[in-house]
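Just so you know, all these numbers are worked out from the coordinates, no wet-lab data involved. This one's a predicted model, so the numbers in the text were calculated from it and none came from an experiment. Backbone-built Cβ (ideal geometry, glycine too); neighbour counts: all protein chains shown.
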Amino acid sequence: GENVEQHPSTLSVQEGDSAVIKCTYSDSASNYFPWYKQELGKRPQLIIDIRSNVGEKKDQRIAVTLNKTAKHFSLHITETQPEDSAVYFCAAPRGGGNKLTFGTGTQLKVEL
Amino acid sequence: DTAVSQTPKYLVTQMGNDKSIKCEQNLGHDTMYWYKQDSKKFLKIMFSYNNKELIINETVPNRFSPKSPDKAHLNLHINSLELGDSAVYFCASSQALNQPQHFGDGTRLSIL
């Protein structure tokens, strides 16, 4: 199928710990992999994205890694803070690159 | 200045009615989208337009009809509203396909 699977669905960490969210896609033609953060009652906002010509991208405490062979990509958040608490969505294009399909979301809770 | 603005923010109406949601972007983007986010937070693409032309039309009931009068606007008209249409509808825009998408604040549609 042309799905994007995302795990875990919920993730609870202590402040200062790291959080990792993983996604798997099925369309081998996919070449763009964004991550969105959605706070409660707010709109999704892009936090980082990666293209298929690189294996890793980092922006301060956030990094994304991509394994094209295994069709996996992951979001890594280090030194988590309470304001990181939100729902995170991965996404990957399918159908020849036209349709961005979102994962099912991960509810991240950073506890004090 | 709000980059992607959609109106109304809340819409409460009765089953069987017809309603419209409007979306405007001032980012100069060529591509616009409509997404539906249900109560489980799943984000699903409904339609996408590129320069006023429909390029993505997911499996959506034909009660839903998008209209793009120009590339800065993408409106969504819904006929004969049903209980299952209750959701948050997000408009988004991007420079092109597989580019970062900017989301509006959402329209929360509740069907009584």
Dipole of the protein assembly as shown [Lys/Arg +1, Asp/Glu -1 at C-beta], most positive-end residue of A:Leu112, B:Asn57, B:Phe90:
B:Asn57
In whole Hz, the Karplus estimates of ³J(HN,Hα) for the range B:22-28 (6.51, -1.76, 1.60; θ = phi - 60°; x where Gly or Pro) are 10, 9, 9, 10, 10, 9, x
Rounding to the nearest 20 debye, state how big the charge dipole of chain A is about its Cα centre with +1 on each Lys and Arg Cβ and -1 on each Asp and Glu Cβ.
440
Springs between alpha-carbon pairs under 10 angstrom, Gaussian network model over chain B: which of B:Thr31, B:Thr13, B:Thr59 fluctuates most?
B:Thr59
Using a Gaussian network model on chain A with a 10 Å cutoff between Cα atoms, which of A:Asn67, A:Asn31, A:Asn53 fluctuates the most?
A:Asn53
Evaluated at 20 °C with a viscosity of 1.002 mPa s, what Stokes-Einstein diffusion coefficient in µm²/s does the range B:57-112 have when Rh comes from the Kirkwood expression over alpha-carbon pairs?
166
Through the Karplus equation 6.51 cos²θ - 1.76 cosθ + 1.60, θ set to phi - 60°, convert the phi angles of the range A:43-53 into ³J(HN,Hα) values in whole Hz; use x for Gly and Pro.
7, x, 10, 5, 10, 6, 9, 9, 10, 6, 8
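Can you give the mean number of other chain Cβ atoms that lie within 10 Å of the Cβ atoms in peptide B:56-62?
Counting Cβ atoms of other protein chains within 10 Å of each residue's Cβ and averaging gives 1.
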Distance (nanometres) between label positions extended 7 Å along Cα→Cβ at A:Asn53 and A:Ala29
2.0
FRET efficiency (B:Leu83, A:Thr10; Cβ distance; R0 25 Å; to 0.05) is 0.35
Hull volume in cubic angstrom per residue (convex hull over the Cα atoms of chain B)
93
Hey, fewest Cβ within 10 Å first, where do A:Ile62, A:Ile77 land in order?
A:Ile62, A:Ile77
When the scattering of the protein assembly as shown is computed by the Debye formula from its Cα atoms alone, each counted once and equally, what is log10 I(q)/I(0) at q = 0.11, 0.15, 0.16, 0.18 Å⁻¹?
-0.55, -1.00, -1.11, -1.33
Based on the mean of other beta carbon atoms within 10 Å per residue, what is the order of A:101-107, B:23-29, most packed first?
A:101-107, B:23-29
Got a sec? How would B:Met46, B:Met32 order by Cβ neighbour count within 10 Å, fewest to most?
B:Met46, B:Met32
Which order results if A:Val4, A:Val54 are arranged by neighbouring Cβ count within 10 Å, fewest first?
A:Val54, A:Val4
Can you give the relative contact order of chain B as a percent, counting alpha carbon pairs under 8 Å and 6+ residues apart?
37
Here the residues of the range B:90-112 lying in the modelled label zone of B:Val12, meaning backbone nitrogen under 18 Å from a point 7 Å along Cα-to-Cβ, are B:107-112
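Suppose every K and R has +1 on its Cβ and every D and E has -1 on its Cβ; what is the size of the dipole of the range B:1-89 about the Cα centre, in Debye to the nearest 20?
With Lys and Arg at +1 and Asp and Glu at -1, about 180 debye.
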Taking R0 as 30 Å, what's the FRET efficiency between A:Gln60 and A:Leu112 from their Cβ-Cβ distance, rounded to 0.05?
0.90
What does the average come to when, for each residue of peptide B:102-108, you count the partner chain Cβ atoms lying within 10 Å of its Cβ?
3
Spacing of the two label points (7 Å from each Cα toward its C-beta) at B:Phe42 and B:Arg63, in nm
1.8
Euclidean distance between Cα centres, the range A:1-22 to the range A:34-112, Å:
9
Across the range B:90-95, in residue order, what do the Karplus-derived ³J(HN,Hα) couplings come to in whole Hz, using 6.51 cos²θ - 1.76 cosθ + 1.60 with θ = phi - 60° and x for Gly and Pro?
10, 9, 8, 9, 8, 4
Which values of log₁₀ I(q)/I(0), to two decimal places, follow from the Debye formula for chain A at q = 0.16, 0.20, 0.24 Å⁻¹ with a uniform point scatterer at every Cα?
-0.67, -1.02, -1.38
Please list, in chain and number order, the residues 5+ apart from B:Ala87 or on another chain whose amide H is under 5 Å from its amide H, with Hs placed from the backbone.
B:Leu109
